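Taking it in order: structure first as structure tokens, then the write-up.
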Amino acid sequence: MTSPSSIKGLPIWRVFQAVLAAAGVVLLATLIWMPDIGIDLFWNVLIPVAPAVLVLIPGVWRNVCPMATIGLLPRHFGFSKRKAMPQTLRHIFLIISLAALLLIVPLRHAVLNADGPATALMLAIAAITAFLLGTRYEWRSAWCSSLCPIHPVEKLYGTAPAITVPNTHCTQCEKCVSPCPDSTHKMTPMITSKSKVEKTVGRLLVGGFFGFVYGWYQVPDYFGAMTMMEWTMAFAWPLGGFVVSYLVFHALMKILPKQDHAFLVRTFAMAAVATYYWFRLPMLFGYAELPNNGTLIDLTGVLPVWFAGASQLTTTVFFAWFMLVRKRKTSWGVRPAYSEAAAAKATPS
Ligand code: SF4
């Protein structure tokens, strides 16, 4: 455990946090006033990089994420009420977080991928919510570790981080959330408190997300007014994939012995991220199988014909090795020293 003053390079982390928060504001402005550039920057550059960041360096991301920086401003500047998060509210937040993820991602095909101001509105609502929750609740308990719709994916993908970094937000650990995703060894969505809600949400995500990602790629982006059938397809494919994938996961959990469950969880996490890049990387460079889907730059006349197949093979083998084969690091971040109050009741999580 570390105390804030002993964190090496803390000023540099602060600079990165400030720069990325400022970049977030610039991105919002770009989405509103130069939507074509903003959409490319957000949906075709930042979002495609994000899953790999969550797999490789989730702790770094948690330290510099602009939403986290905004949400923790009240705590850093001393005007947070620092309340403990009530368990019932946390459960509600966890359910909303997963539901928001499953709603927002299909909405990309229908609205967000083609609408800069709508994307900006979504990000602004998230930032304001994170800030307001930060004025009331202790450290990362409300937004970063409960309500943020990206948090379930952080836990799913960040099972085997490449590095463990200092926690540069929490100056002292108040044990605000248990288990703490930032400090828990080999974190997965299946590592939860004893609560049934947490267990169910975690299990649904692990089992369903692979099929959800696969289903999402079976739908094109729609532009302009959509028919009822197109709306139905935009949601039916990813949510149908979610259900099928979850049922397979559930059956395997029943069949396989307990000692294989951790590997099964990591396999489903790996399958989700590998599926994401299987489709997304070729698509970025003009190899989309469906029309209108997320091309950043069309390099089909420049890259060799085998580019799509080679990128699919490379990313799949890489994530299989990284998440299933190699020796795993322990946690995303190092837990800071407990405050006196937390130390009195602390059992490490
Ligand atoms: S390190 Fe401690 S204070 Fe920070 S989020 Fe985790 S439990 Fe909360």
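Read-outs: derived from the displayed coordinates by stated rules, not from any lab. Quantities reported herein were computed from a predicted structural model and do not represent experimental measurements. Virtual Cβ from ideal backbone geometry, glycine too; neighbours counted across all protein chains shown.
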Among the residues of region 147-185, the number that are within 16 Å of the chain's Cα centre (by Cα) and more than 7 Å from the ligand (Cβ to nearest atom) is 16
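Yes/no matrix, rows are residues, columns are (1) over 24 Å from the mean Cα position of the chain (by Cα); (2) under 26 Å from THR200 (Cα atoms):
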| residue | (1), (2) |
| --- | --- |
| VAL248 | no, yes |
| LYS254 | yes, yes |
| LEU296 | no, no |
| GLY309 | yes, no |
Set LEU10, LEU54: member being closer than 29 Å to VAL334 by Cα, surrounded by fewer than 19 Cβ atoms within 10 Å (Cβ to Cβ) and touching a helix residue (DSSP H, G or I) at 6+ places or on another chain (Cβ under 8 Å)
LEU10
Could you tell me whether region 187-203 includes any residue that is under 16 Å from the mean Cα position of the chain (by Cα), within 16 Å of the ligand (Cβ to nearest atom) and outside any helix (DSSP H, G or I)?
yes
If we keep only residues of region 122-141 that are within 15 Å of the ligand (Cβ to nearest atom) and over 15 Å from THR69 (Cβ atoms), then the residue surrounded by the fewest Cβ atoms within 10 Å (Cβ to Cβ) is ARG136
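Does VAL177 satisfy the criteria of being within 24 Å of LEU56 (Cβ to Cβ) and assigned to a helix (DSSP H, G or I)? Step through it out loud before you land on a result.
Numbers: within 24 Å of LEU56 (Cβ to Cβ): yes; assigned to a helix (DSSP H, G or I): no.
Judged against the criteria, VAL177 is not a match.
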Against the conditions (1) under 28 Å from LYS196 (Cβ atoms); (2) out of contact with any helix residue (DSSP H, G or I) (no Cβ under 9 Å at 6 or more places or on another chain); (3) of a type in the set (Gly, Ala, Ser); (4) within 16 Å of the ligand (Cβ to nearest atom), where does GLY59 fall short? Just the number, please.
(1)
Could you please find all residues in region 68-103 being part of a loop (DSSP other than H, G, I, E, B) and either crowded, with 18+ Cβ neighbours inside 10 Å or basic (Lys, Arg) (or both)?
SER80, LYS81, ARG82, MET85
